[in-house]
Amino acid sequence: MFVTRHIPTDHQDLIHDVSYDFHGRRMATCSTDQTVQVWDLQDNGEWKCTASWKSHSGSVWRVTWAHPEFGQVIATCSFDRTVSVWEECVGDTGRDGVQSNWIRKTSHVDSRTSIMDVKFAPKHLGLLLATCSADGIVRIYEAPDVMNLSQWSLQHEIMCKISCSCISWNPSRMHAPMIAVGSDDPSPSAGGKCQIYEFNSANRKWNKVESLSVVTDPVHDVAFAPNLGRSHHLLAIASKDLKIISLTPYGRDAASTTQGSKFKMQQVADFSEHESQVWRLSWNVTGTILCSSGDDGCVRLWKANYLGSWKCIAVLKGDGSQVQQMDINQSSMSSSGGQGQSNSGVRGGPPPGVMNMNIKRNSGWPLFNTQKDQGKAYY
């Protein structure tokens, strides 16, 4: 059973990202209107906006929270080619009717193109911040003194040789630091649109260990699942459909080699039920349920059974209503066995060459159709 709540915002344009903090009681939103808003969950269950400010001079693509061990800190990235780190003032908690005050601690201006995504590293790696930009470069910054967020140093630059649209840290403590990078390059000759990079502690470099050739469509979001004892990693990929990839390391001491780890890769799920572009992904805290949203106006929940077979367990429409289980089963059967084609038009990201700083991700691209996959592919 779902409990939905409509939250009216003061954003004057399209909202691009919504991010919850570690405890799920604070929420940040960002928009094309160049503003960021922070919301707090009240005792009566209502969400109250406690801060709203202009954060960039262009559309704000993403917002993300740092672990609360480092304080109340968020990072934002924008079309204006900058990444900003914001910290809430001590004492202004934003609760009990007090408006909070967020201060820009630093701004990174190393990119020459739009910065598409920003993510803080898992807590056990320290206060690290990864960004990816349309020029195909992933940059990793570090705050050597967590008490002074004004000082950051650029530690690594990873040349991906393909435009980047999204990134995800692997949260596993039992494996070397690992990042998945997705690309929204529409060219079919660009190769695999999702690449896996691993940090090698021996030479202190990031090496590309895998390129997912099965992913040939533009990627809008990637998300590693939390790992609570699994011997393999799960990576969800959002493009024209939803894919879940399993990465199993071949050996424990493979990471000690200069070339990085080797993985046995298998596509464990491939869903086209959205029948349109899939834009956002999110795992639950245990990494057992995946949530996806797409241009069909639905949020879908996916879960694997004890045999490792994934299926849709719930569908929530944009108006807050829930699709009945019978309709979900019929949709899954028709998607897996049918050869139908969706005529609903979907739109992609910002077109190249647009100079307007307030562009929308879904503006300017021609309409096109999506073809359902005929079955699962394993490799």
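The values are calculated or read from the model by the stated rules, or taken from the named source; none is laboratory data. Note that the structure is a prediction, hence the values are computed from the model and not measured. Neighbour counts run over all protein chains shown; Cβ positions are idealised from the backbone, glycine included. Side chains are part of the model used for accessible areas, which takes the heavy atoms of the whole protein and leaves out ligands, DNA and RNA. Shrake-Rupley method; radii C 1.70, N 1.55, O 1.52, S 1.80 Å.
To the nearest 0.05, what FRET efficiency results for residue 264 and residue 69 with a Förster distance of 41 Å applied to their C-beta separation? Working from the Cβ atoms, E equals 0.75.
With a cut-off of at most 15 other beta carbons within 10 Å, and DSSP calling the residue loop, which trypsin sites (Lys or Arg not before Pro) in the stretch 143-252 qualify? Please list them.
Sparse-neighbourhood loop trypsin sites (Lys or Arg not before Pro): 161, 173, 204, 230.
With a cut-off of 20 Å on the backbone N, the residues of the stretch 18-39 near the modelled label site 7 Å out from residue 5 along Cα-Cβ are 18-30, 37-39. FRET efficiency for the pair residue 146 and residue 14, taken as 1/(1 + (r/R0)^6) with r the Cβ-Cβ distance and R0 = 30 Å, rounds to 0.30.
Full extension of the chain between residue 214 and residue 109 yields a length gain of 34.4 nm, computed as 0.36 nm times the residue separation minus the alpha carbon distance.
Ranked by the mean number of other Cβ atoms within 10 Å of their residues, highest first, the peptides 277-283, 312-318 come out as 277-283, 312-318.
Every Cα-Cα pair in the stretch 1-87 was counted, and those over 18 Å apart are 41% of them.
For residue 54, a cut-off of 26 angstrom between C-alpha atoms picks up these lysines, skipping any fewer than 8 places away in its own chain: 105, 119, 360. Here the gap between residue 204 and residue 303, fully extended at 0.36 nm per residue and compared with their Cα-Cα distance, gives a gain of 32.0 nm.
Rounded to the nearest angstrom and listed largest first, the equivalent-ellipsoid semi-axes of the stretch 166-301 from its Cα gyration tensor are 26, 17, 11.
Length gained on full extension, residue 228 to residue 54: 58.8 nm, using 0.36 nm per residue less the C-alpha separation.
Straight distance only, please: which lysines reach the Cα of residue 161 with their own Cα at less than 16 Å, same-chain residues fewer than 8 apart left out? Hits, sequence-local ones excluded: 193, 208.
Computed over protein heavy atoms with a 1.4 Å probe, the accessible surface of the stretch 1-47 works out to 58 Å² per residue.
With a cut-off of 11 Å on the backbone N, the residues of the stretch 1-31 near the modelled label site 7 Å out from residue 123 along Cα-Cβ are 22-23.
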